[in-house]
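Notes for the one structure printed next.
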Amino acid sequence: MTIFIASLFLPKTVYFKLPDAPPKGGRLNRETTGAGPVAKTRPSLAVRPSLFAPGPVVTPPDTPTEENNVVVIDDGPFANEDGARIQLPGDYSSSDSISSSDSSIDFGPADKESPKWGSRSNQPKSRANSPPPSSLLERTRIVQKAKEMGRQGVTQPRTNRSDSHDRVFASANWRIVNADQGNGGLRNAADAAARDGYEEEHTWIGTLGMPTDALEGTQQKEDIHDKLWTEHNMLAVFCSDKDFDGHYSHFCKQILWPVFHYQMPDNPKSKAYEDHSWQFYVNVNQAFADRIVQNWKRGDTVWVHDYHLLLVPGMVRKKLPDAKIGLFLHVAFPSSELFRCLAVRKQLLEGMLGANLIGFQIHEYTRHFLQTCSRLLSVEATPDGIQLDERFVNVMNHAIGIDPLNLNTHREDQEVRKWINIMKERYQDKKIIVARDKLDHVRGVREKLLSYELFLNKNPEWRDKIVLIQVALSTSEKTDLDAAVGDIVTRVNSSWASLAYQPLVYLKQDIPYSQYLALLTIADALMITSQREGMNLTSHEFLVCQDGKHDEKKHGSLILSEFTGTSSLFGGNELSINPWSHRQCSEAIKKAIEMSDEEKELRWEKLHGAVKHHTGGHWFAEFMAQLNRAYDEQHRHDQTSVPRLNMPALSSRYSKSQRRLFFLDLEGTLIPYNPMSSMIPMNPQRTLAVLNDLVADGRNSVYVMSGRRPAELDRLFRLVPNLGLIAENGCFVKNSESSRWTEIADHELVTAWKESVKNILQYYLERTPGAEIEDRQCSLVFHYKNAEDYANAERQATDWIGHINESCEKQRVHAMQLEDCVVVEPIDWTKETAAVKVYNDLTKSTTAADKIDPVDFVMVMGDGREDEKVFKWANGLADKAEVVTVSLGNRNTEASATLTQGVSGVLVALQKLASLS
């Protein structure tokens, strides 16, 4: 069987050998390409000015500008968001000779950074209009602007130039190469799992990370697809440049990425793009889903990755109802207050819930997701997952890690050793703090530099003994952050630098992998100040590089933001900081460099142990194992997989038994469902007659379960002697031989939480005219059936539920929405706990009196979600007694049988059993 790994970018892409290509690092001839602005590419990392090479260092470094019609190639906004470097084997020069006979040879690109979409000279140009117009009115404005530019002498590219450009790529030789953009942590994890013996083969599904409109209708496109499939086991998703640009550059970058990292898009930017780019997001997700459906075979597994493809699970589920689908979110998941601000919030959640198992990095993100689903979709959220009407969706949290074995292999490279020696000599007798971040607002680079400046101000004794090396990966979006960081760098260096000392080394470009590993090896501390981050695998790589292999005394300190997912794995052994507190960050720097060697080693050993446990290979195998278990469990409980109640078999098992115990739900099972706000209007005579027939047999113990008060049940069943009752969903029990009620719930605890919840409900009651609060002994019911604005009250019910569940979580209280009301009940006392008490009491009485037969037949019948726990508990008694669990619902269930005739079918079945006595 195959695992389809769906990620936005494939691990491979395509480079073309173009005729008359310019020299590496030169300009493209406008007449040759006919593609608008001339592109200026960066030189290879291997030949760029280095931080550590001899000679003066320019801080900040000189960078190209957009003057004279030159476009700077920047890092893509979504490259390696998990923090792991993608390691590529070599350098590629556009002047290399490429022949059609070896078009599948793999080699690495020269620039190990992630390119802006369609910016490489050896890949096609994008035909997308960027940014896309959000409306017809916006389109009119853009057209008018273009006309004005034409009058000013700024001409647009001619159509024949585009045609010429397309013909070049339609006939050019090409190669499949390692892609330098995408999720490096995921790729490393998949490779590690395969190396460690994971047997299932996996097939990648993703885009090529380049514009493909120029290849449409050409043989090149078919050849590329075939080569990727036959030689690399990858399925390419081809979508239009317009769709991808709207999906990737606009909806993902400007809407989802900020919201998932607790930064609301500023208005009106989000308004301008959201509605328009949403359709592009849908189109790209649909293209992925279609590709999966085309290649899926029964038994295959679909594993979708990250926020770029949140709709894919639901789209695949719609076409393949029985598919095994997993989804893992590599970024943070925000609280419901943030997520609800998205205009398409429900569509995104419903798309995610198409999966069988949804994975998150840490427990906090899982909890946020459950609360968001409960609040926005009005579904039941449990610690294990989301209960939908027709099925259950499991959730889990398991942090991804790195591949230490692969990392250590790269560390043995001679180039790494060379750079270690160079940097040791250059920074001799200096404490080195290292940082490598993308230059955006999420990573907290500005806060880090301000904290470092504060440290130098407060600790003058360290001014010529410490160096902060900040590698900043620039992004394609120009912001004021770039200028702000540059000002801080200039101010720090102008204040304390000398001919022999520079306190802050700042490079706004990436460095070669060998220098990166050497830097982590010689560092005295790594400083990460992300304001929000799913994980940060750079910290894992740092800890591995600090094992002393190249320097026996190196066990550097880790200064880590508490808002990274990684922080929750390290148990406080890192130096945890709030990146917004410059004082705390400054103090952390001081502690890191002044910490004793003994404390450093002790902390490092614990941190390194966590890294060794949370490896990428382990994460990969563990997620797949949990997905398999979740799928099997869900399939077993699927309503279509549960057999109907077999009456002949049930009658035979009933007749052979000597001591029987019945647990029968009331509303919806023994009588038609009535709203909880109404009293039962009259005695259901048929139900009472059937119950009287059952309890007439001394071998039967019958208990009726309900959410109603004890007094209501007494009034209803006063004509049925020897009937056991369970009231308020398990808080009260009346034994069949007794006329007294026993309160199982702890009265003091119930009184305590009711006071808190009453205050919350009272707040909403004042804002919902016509609603009322029913105060039961162990529960509270907020009735809004008679509210003046019923529709608004029904919508607001999810807010009440979310408010109560979040604020009263520690008090063990759970709120849920039923028809026309919200019920708040204790978590620790349920129908299940009451059933367990009844069964244990009967078992004890059997043991005490030898003449009483043990319970050898247990039957549970119900139709609600609260009955599922009783089904599950009863099924666990199968080795002690004959167990029959029957569900009347049309959803997935723990019951071993279903009954589709409703209340009438239940009464017929019970009457037939009573007649056998």
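The values are calculated or read from the model by the stated rules, or taken from the named source; none is laboratory data. Just so you know, these numbers come straight off a predicted model, no measurement behind them. A quick note on method: Cβ atoms are made from the backbone with ideal geometry, for glycine too, and the neighbour counts reach across all protein chains shown.
Hey, does the range 348-364 have a residue that's touching a residue at least 60 places away in the same chain (Cβ under 8 Å), among the charged types (D, E, K, R), farther than 19 Å from Trp303 by Cβ and crowded, with 20+ Cβ neighbours inside 10 Å? Checking the range 348-364: not a single residue is touching a residue at least 60 places away in the same chain (Cβ under 8 Å), among the charged types (D, E, K, R), farther than 19 Å from Trp303 by Cβ and crowded, with 20+ Cβ neighbours inside 10 Å. For the criterion of being acidic (Asp, Glu) and within 30 Å of Leu370 (Cβ to Cβ), Asp440 passes. When the range 302-332 is examined, which residues are found to be closer than 26 Å to Asp245 by Cβ and assigned to a loop (DSSP other than H, G, I, E, B)? Correct list: Asp306, Leu310, Leu311, Leu329, His330, Val331, Ala332.
Annotation: of all residues in the range 364-406 being touching a Gly at 6+ places or on another chain (Cβ under 6 Å) and among the charged types (D, E, K, R), the one that is modelled with the highest pLDDT is Asp403. Across the range 277-304, the number of residues qualifying as of a type outside the set (A, V, I, L, M), over 17 Å from Cys239 (Cβ atoms) and buried (at least 16 other Cβ atoms within 10 Å of the Cβ) comes to 4. Within the range 485-506, track down each residue that is among the aliphatic types (A, V, I, L, M) and modelled with pLDDT under 90. Result: Ala497, Leu499, Ala500.
The numbered conditions (1) under 32 Å from the mean Cα position of the chain (by Cα); (2) at pLDDT 90 or above are all true for Glu477 except (2). Restricting Leu186, Leu235 to residues that are surrounded by fewer than 23 Cβ atoms within 10 Å (Cβ to Cβ), within 21 Å of Met1 (Cβ to Cβ), touching a residue at least 12 places away in the same chain (Cβ under 8 Å) and among the hydrophobic types (A, V, I, L, M, F, W, C) narrows the list to Leu235.
For the range 816-829, taking the residues that are modelled with pLDDT of 85 or more and among the aliphatic types (A, V, I, L, M), the one that is farthest from Glu774 (Cα to Cα) is identified as Ile827. Would you check if Val733 is at pLDDT 85 or above, surrounded by 17 or more Cβ atoms within 10 Å (Cβ to Cβ) and not assigned by TED's automatic domain parsing to the domain that holds Asp789? Yes; evaluated as a whole, the condition is true for this residue.
Going by what's in this entry, would Ile224 be described as buried (at least 21 other Cβ atoms within 10 Å of the Cβ) and more than 27 Å from the chain's Cα centre (by Cα)? Against the criterion (buried (at least 21 other Cβ atoms within 10 Å of the Cβ) and more than 27 Å from the chain's Cα centre (by Cα)), Ile224 qualifies. Considered as a group, the residues in the range 750-785 that are acidic (Asp, Glu) and loosely packed, with under 15 Cβ neighbours inside 10 Å include one that is nearest to the chain's Cα centre (by Cα), and that residue is Glu755.
Any chance the range 541-556 includes a residue that's in contact (Cβ under 8 Å) with a residue 12 or more places away in the chain, part of a strand (DSSP E or B) and under 32 Å from the mean Cα position of the chain (by Cα)? For the range 541-556, residues in contact (Cβ under 8 Å) with a residue 12 or more places away in the chain, part of a strand (DSSP E or B) and under 32 Å from the mean Cα position of the chain (by Cα): absent.
When Val642 is tested against the conditions (1) touching a strand residue (DSSP E or B) at 6+ places or on another chain (Cβ under 8 Å); (2) outside any helix (DSSP H, G or I); (3) within 30 Å of Thr529 (Cβ to Cβ), the lone failure is (3). Selection of the range 418-466 for residues being in a loop (DSSP other than H, G, I, E, B), under 16 Å from Pro579 (Cα atoms) and not basic (Lys, Arg) yields Leu439, Asp440, His441, Val442, Gly444.
All of (1) modelled with pLDDT under 90; (2) buried (at least 18 other Cβ atoms within 10 Å of the Cβ); (3) touching a Leu at 6+ places or on another chain (Cβ under 9 Å) hold for Val813 with one exception: (3). If you check His747 against the conditions, is it within 34 Å of the chain's Cα centre (by Cα) and not polar (S, T, N, Q)? In short, no. Restricting Leu607, Leu650 to residues that are in a helix (DSSP H, G or I), in contact with a helix residue (DSSP H, G or I) (Cβ under 8 Å, 6 or more places away or on another chain), closer than 17 Å to Thr900 by Cα and not hydroxyl-bearing (Ser, Thr, Tyr) narrows the list to Leu650. Within the range 205-214, does at least one residue satisfy the condition of being crowded, with 21+ Cβ neighbours inside 10 Å, part of a helix (DSSP H, G or I), at pLDDT 90 or above and out of contact with any Asp or Glu (no Cβ under 9 Å at 6 or more places or on another chain)? So far as the range 205-214 goes, no, none of its residues is crowded, with 21+ Cβ neighbours inside 10 Å, part of a helix (DSSP H, G or I), at pLDDT 90 or above and out of contact with any Asp or Glu (no Cβ under 9 Å at 6 or more places or on another chain).
Check the range 530-539 and report whether any residue there is among the acidic types (Asp, Glu), touching a residue at least 60 places away in the same chain (Cβ under 8 Å) and within 25 Å of Lys424 (Cβ to Cβ). The answer is no, given that none of the residues of the range 530-539 is among the acidic types (Asp, Glu), touching a residue at least 60 places away in the same chain (Cβ under 8 Å) and within 25 Å of Lys424 (Cβ to Cβ). Checking the range 401-409 against the condition returns no match, with no residue being surrounded by fewer than 20 Cβ atoms within 10 Å (Cβ to Cβ), more than 23 Å from Ser539 (Cα to Cα), free of Cβ contacts under 8 Å to residues at least 40 places away in the same chain and polar (S, T, N, Q).
Has the range 666-682 got at least one residue that is assigned to a helix (DSSP H, G or I), modelled with pLDDT of 90 or more and within 20 Å of Gln777 (Cα to Cα)? The answer is no; no qualifying residue exists. Exactly one residue among Ile488, Ile511 is among the β-branched types (Val, Ile, Thr) and assigned to a loop (DSSP other than H, G, I, E, B), and that residue is Ile511. From Ser756, Ser807, which residue is among the hydroxyl-bearing types (Ser, Thr, Tyr), out of contact with any Gly (no Cβ under 9 Å at 6 or more places or on another chain) and within 20 Å of Glu380 (Cβ to Cβ)? That would be Ser807, the only listed residue that is among the hydroxyl-bearing types (Ser, Thr, Tyr), out of contact with any Gly (no Cβ under 9 Å at 6 or more places or on another chain) and within 20 Å of Glu380 (Cβ to Cβ).
Conditions tested, residue by residue: (1) β-branched (Val, Ile, Thr); (2) out of contact with any Leu (no Cβ under 8 Å at 6 or more places or on another chain); (3) exposed (fewer than 14 other Cβ atoms within 10 Å of the Cβ); (4) closer than 13 Å to Asn356 by Cβ.
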| residue | (1), (2), (3), (4) |
| --- | --- |
| Lys590 | no, yes, no, no |
| Met595 | no, yes, no, no |
| Ala610 | no, no, no, no |
| His618 | no, yes, no, no |
| Leu627 | no, no, no, yes |
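Looking only at the range 882-908, which residues are assigned to a loop (DSSP other than H, G, I, E, B) and without any contact (Cβ under 8 Å) to a residue 40 or more places away in the chain? Gln901, the sole residue that qualifies.
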